[in-house]
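The values are calculated or read from the model by the stated rules, or taken from the named source; none is laboratory data. Quantities reported herein were computed from a predicted structural model and do not represent experimental measurements. With ideal geometry, Cβ positions are generated from the backbone for all residues, glycine too; neighbour counts draw on all protein chains shown. Just so you know, the surface numbers come from the protein's heavy atoms only, side chains and all, with ligands and any DNA or RNA stripped out. Shrake-Rupley method; radii C 1.70, N 1.55, O 1.52, S 1.80 Å.
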There are 2 protein chains.
Amino acid sequence: MTSPTSEQLLAAHPRASTDPDDRARASVDRSGFIPQSFADGVVFAQDIDDVVLTMKLASEHGVKIVPRGAGTGLAAGSCAQAGEVVLDLSAMNQILSLDPVQGIAVVQPGVINAAVNHAAGEHGLFYAPDPASTAICSIGGNIATNAGGMWCAKYGVTRESVLSLLVVLPDGQLLRTGRRTIKGVAGYDMNALMIGSEGTLGIVVEATLRLRPKPKHTATLVSYFPDEAAAASAASAVIAAGLTPSVLELMDGKTLSAVDSALGTDHHSRGGALLLAQTDGYGAHLEMQALQDAIEPLAAHSELAQDPQHAEALVEARRQAIPSMEKLGTVSICDIGVPRNRLAEAIAGLQRIEAERGVSIFIIAHAADGNLHPIIVVPEGQSITTGSPKAALADMFYLAKELGGTLTGEHGIGLLKQDWLPEEVGETSLQLQRRLRAVFDPQGILNPGKAI
Amino acid sequence: MTSPTSEQLLAAHPRASTDPDDRARASVDRSGFIPQSFADGVVFAQDIDDVVLTMKLASEHGVKIVPRGAGTGLAAGSCAQAGEVVLDLSAMNQILSLDPVQGIAVVQPGVINAAVNHAAGEHGLFYAPDPASTAICSIGGNIATNAGGMWCAKYGVTRESVLSLLVVLPDGQLLRTGRRTIKGVAGYDMNALMIGSEGTLGIVVEATLRLRPKPKHTATLVSYFPDEAAAASAASAVIAAGLTPSVLELMDGKTLSAVDSALGTDHHSRGGALLLAQTDGYGAHLEMQALQDAIEPLAAHSELAQDPQHAEALVEARRQAIPSMEKLGTVSICDIGVPRNRLAEAIAGLQRIEAERGVSIFIIAHAADGNLHPIIVVPEGQSITTGSPKAALADMFYLAKELGGTLTGEHGIGLLKQDWLPEEVGETSLQLQRRLRAVFDPQGILNPGKAI
Ligand SMILES: Cc1cc2nc3c(=O)[nH]c(=O)nc-3n(C[C@H](O)[C@H](O)[C@H](O)COP(=O)(O)OP(=O)(O)OC[C@H]3O[C@@H](n4cnc5c(N)ncnc54)[C@H](O)[C@@H]3O)c2cc1C
Ligand SMILES: Cc1cc2nc3c(=O)[nH]c(=O)nc-3n(C[C@H](O)[C@H](O)[C@H](O)COP(=O)(O)OP(=O)(O)OC[C@H]3O[C@@H](n4cnc5c(N)ncnc54)[C@H](O)[C@@H]3O)c2cc1C
């Protein structure tokens, strides 16, 4: 079953496992992708030397390697199959240093996103890219997918918070990208090239992160609207008013029901759709007043958080949206982006797709960035990567394209969205990107078949 | 004199000029670099077709092409010599569209930075990357150098404000990078790879820019300090206090004298060094109070702008710093970056270099980013790229390196800083970058000898 080349690597590496449970776990992520076979084995790296050894053995024997962080990905980017060996980085989970004066943390790739924020918080700092999966995803995975989150509305995505990387190249060489300074233009932006490359150009073994001062004040508002169209118009009104909320999240009525039944809350009784908004900084409260003025005409009912606990409870509803849906069946989380003023059209289009394809679609959105997560839910055991769910995914992509948008705002292409990539980036770009990939990985051993 | 291959291109292109004045002008920028010969000719592109034709002819005949925007570069990146043809993009200077609702402008590469800001301003928007050269530099040049400016302290550099590019590749093919949405991770970050690549990977012929809402309020403070060390400590205190000024600029005593004699102002009589600070947004005035609290203990005297005209006058002093020095002789503008908490050490190091090398060094800095511009001034006619000025430049680089910093924060490598690049990025990275370059430009015809 196991390929002979994998066997050579697995026999030679002291951290390798061929335990069936390890192999099964390392073959899936949170995308709903169902593997047809399992990885040949897993290397559990403890340090950089383990990673270097893995890649040296892999390039010597021509073994295909799938890098893996916490396995929370939604594009099957870290899923592996027979003939492949998984390089699991989750045990490299230390914060190596944190310099509160410079606002810089140096971390290993397996460290959990929330752990960085916890450590930064002790110094009045925070790490801005906060996926809803903050408690379970790793920084290495965040970097490989250029992860976003709620605060990205104001503070940018992972790319804007990663200063420098230490990377093991496919041949086992070490590459440093970026720098410790905020600005720098010496040579090409190798750092940005690595970020979002989905484990196809190198293995991130250390990251230098930019921390920001925690905002002095934060104001949190939750508003309920008659329906999704009204909520989307309100989000557009916030942008049109020139406001810069630090959070602007939309949840549709179906999502509110799912959250209510999972958390015992009663959001859906108060409206057919919800907007969660935060403003922060010295002018948080003044900016919140302006935000309320912008959305008031459209809202049925609003609630301003009275204290941090109350605010945290409102934010938690959003964080629990996906886990709540996961209780209802198998989920497939789409990730389209549209120009911010076309949010309402996107939602209307998604509702049309739901009706036409006869699939159940829940909608949440990072509204300030025009990044929507339409989530298809099918009963447990039913396939989500074929048939009408797959057809609905395709429809969503064409919808995004029609509105001037993109196939993926923050989850990546992985295995699942390959079909539509050429149409989005075009043949010239794809050919160039493949040639760039070959510069890093001439043997094609790193995460083959993924991303581009 | 002109190379036979250049001659073929120049004869075949309807926009080509071999006028000696055109050639002389196209052979220099604002770096002080003195060319040993002039470019063979200049193509003045009027549209994308002109650019495509240039690159098709160039790749057919193997002609070396030097892209050129407004020629205000400080690294000799657009300087050309015999055997090369300059592709001048300054006539492609139209704003093609501006969508105030989306906050997006689509522009040609030759448009002047300030013109974009002027057009955006009419809709209550602004374009954040504002080099001090805003009135004279082009967006294409800004993109090719990943230009910074004063507002970058809060809003990031050019990379954070360019969503998408249309690029003519060395073989004449068109490549689109990025997208119109704020977020997107479909494929590698080709947009970031192009930004800062100093005209070595392709010719930018169109750019989709992100505009931001103009801040509701702005507060402007100018503070005078006994000396540079005190001003640097004050800047660090601002960062340590967790503030996010939109502008934080430092000028040393010598610069104040230069500005005073150029503008007829009297800054230097009020202190030995100056910090210009702005805060903006709904909390601008509250944040300014906190900023004053942070620097007050170190300042000799402060002045809060009472109205926009007053604020503009204070900002203008900073914008005129380099032009003021240019009146004193030939300038060479260095561009090192250091971790933000090491600004005072950097300044002390620069003063040591000034004494040891016997060259005159003026210092200005984007203090919030740790980006310093030590400016060497020599009497008109004296060489600035050899002898002790060159030695002082080298010293500055080693100083930056010693402090954990970089050779160039925003001006690029161009021709002038090649010597030190390998030490900064390392051989592994440099080899990879050269191979990436060859993917785009296998013939090596685009800006050869520049950047990496
Ligand atoms: C409930 C839930 C909510 C989510 N919310 C968000 C959200 O708000 N925003 C968002 O962006 N994502 C979200 N996600 C998706 C997911 O958490 C992110 O994509 C995350 O960045 C993946 O991190 P990971 O460590 O789990 O990576 P994995 O799933 O292990 O891997 C993801 C990709 O990264 C590569 N990789 C991992 N580590 C490395 C490394 N060290 N070096 C090189 N390549 C590596 C893998 O090969 C793979 O291609 C959510 C997921 C869930 C389950
Ligand atoms: C007084 C003064 C103040 C300055 N202040 C700042 C500052 O605050 N911050 C800052 O970052 N810089 C500053 N600069 C430097 C300079 O203005 C910037 O580097 C600017 O981005 C250069 O733009 P340009 O159009 O003049 O480019 P050029 O000098 O014409 O070219 C610069 C580089 O870009 C390439 N290039 C130009 N156009 C294109 C294109 N369309 N496609 C591909 N490549 C192209 C050229 O080949 C060259 O490598 C200053 C310069 C002066 C003289």
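The accessible-area ordering, largest first, of the residues B:T385, A:T220 stands as B:T385, A:T220, per a 1.4 angstrom probe.
When DSSP beta bridges are restricted to pairs lying wholly in the protein assembly as shown, around 85% turn out antiparallel. Note on A:W151: accessible area approximately 60 square angstrom, rounded to 10, probe 1.4 Å, nucleic acids and ligands left out. Taking amide H as placed 1.01 Å from N in the peptide plane, B:E84 has its amide H under 5 Å from the amide H of B:D40, each at least 5 places away in sequence or on another chain.
Rg over Rh for the stretch A:139-241 works out to 1.12, using Cα positions for both radii and the Kirkwood form for Rh. A straight Cα-to-Cα reach below 25 Å connects B:K56 with the lysines B:K64, B:K450, residues fewer than 8 places away in its own chain not being considered.
What the Cβ-Cβ distance of A:Q382 and A:T18 gives, at R0 = 35 Å and to the nearest 0.05, is a FRET efficiency of 0.65. If you bin all the Cα-Cα distances of the stretch B:192-259 at 5 Å, starting from zero, the percentages per bin are 3, 10, 15, 13, 10, 12, 16, 14, 6, 1. Here, P(r) means the percent of Cα pairs in each 20 Å bin from 0 to the largest distance; for the protein assembly as shown it is 15, 47, 33, 5, 0. Label-point spacing for B:H285 across the identical copies (point 7 Å from Cα in the Cβ direction), in nm and ascending order: 1.5. Placing unit charges on each Cβ (+1 for Lys and Arg, -1 for Asp and Glu) gives the protein assembly as shown a dipole about its Cα centre, and among A:A147, B:L328, A:P422 the Cα reaching farthest toward its positive end belongs to A:P422.
The amide H of B:V162, built 1.01 Å from its N in the peptide plane, has B:R210 as neighbours under 5 Å, considering only residues 5 or more places off or on other chains. When the Cα centres of the stretch A:185-260 and the stretch B:430-452 are compared, how far apart do they sit, in Å? Using only Cα atoms to place each centre, the spacing works out to 36 Å. Return the whole-Å distance between the Cα centroid of the stretch B:45-103 and the Cα centroid of the stretch B:398-412. Using only Cα atoms to place each centre, the spacing works out to 29 Å.
Ranked from shortest, the separations from the 7 Å Cα-to-Cβ label point of B:D19 to its equivalents in the other copies are 7.7 nm.
Length available on full extension from A:Q309 to A:Q8: 0.36 nm per residue minus the Cα-Cα distance, which gives 102.9 nm. Here the average projected area of the convex hull drawn through the C-alpha atoms of the stretch A:55-167 stands at 7.6 nm².
What does the C-alpha gyration tensor say about the overall shape of the stretch B:216-320? Classify as rounded when a/c is under 1.5, otherwise prolate if a/b is larger than b/c, or oblate. Taking the square roots of the gyration eigenvalues as a ≥ b ≥ c, the stretch B:216-320 is oblate.
For A:S97, the point set 7 Å out from Cα toward Cβ sits 4.9 nm from its twins in the other copies, listed from shortest up. Ellipticity at 222 nm from helices only: DSSP H runs of n ≥ 4 in chain B, each -39500 (n - 2.57), divided by the residue count, give -10000 deg cm²/dmol. Roughly what % of DSSP beta bridges within the stretch B:4-88 run antiparallel, to the nearest 5? Once the DSSP bridges in the stretch B:4-88 are tallied, antiparallel ones form about 20 percent. Translational diffusion of chain A was estimated from the Stokes-Einstein equation, with Rh taken as the Kirkwood radius over Cα pairs; at 25 °C and 0.890 mPa s the coefficient is 109 µm²/s. Which net charge results for the neighbourhood of A:P4, defined as the other residues with beta-carbon distances under 15 angstrom from its beta-carbon, given Lys and Arg at +1 and Asp and Glu at -1? Overall, the nearby charge balance is -3. Cα convex hull, the stretch B:334-410: 78 Å³ per residue, rounded to a whole number. As a length-normalised measure over Cα pairs under 8 Å and 6 or more apart, the relative contact order of the stretch B:12-74 settles at 41 percent. Kirkwood hydrodynamic radius, the stretch A:4-88, all distinct C-alpha pairs: what's the number in Å? Computed over Cα pairs of the stretch A:4-88, the Kirkwood hydrodynamic radius comes out at 12.5 Å. Local charge for B:V377 was computed over the other residues whose Cβ lies under 12 Å away, with Lys and Arg +1 and Asp and Glu -1, and equals -1. Simple rule: put +1 on each Lys or Arg Cβ and -1 on each Asp or Glu Cβ in chain A, find the dipole, and look at A:P374, A:V439, A:M396; the Cα lying farthest toward the positive end is A:V439. Inverting the pair-averaged 1/r between distinct Cα atoms of the stretch A:258-402 gives 16.8 Å as its Kirkwood hydrodynamic radius. Computed over neighbours whose Cβ is under 11 Å from that of B:I347, the net charge equals -3, Lys and Arg +1, Asp and Glu -1.
Remark on the stretch A:150-196: Rg and Dmax equal 12.2, 38 Å (Cα only). Here the stretch B:134-165 and the stretch B:311-347 have alpha carbon centers that stand 18 Å from each other.
The HN-Hα couplings worked out from phi for the stretch B:352-369 by the Karplus form 6.51 cos²θ - 1.76 cosθ + 1.60 (θ = phi - 60°) are 5, 4, 4, 5, 5, 8, x, 10, 8, 10, 9, 10, 10, 8, 7, 5, 5, 9 Hz, whole numbers, x standing for Gly and Pro.
Positive-end ranking of A:I384, A:Q289, A:Y127 along the dipole of chain A, with charges on Cβ about the Cα centre, is headed by A:Y127.
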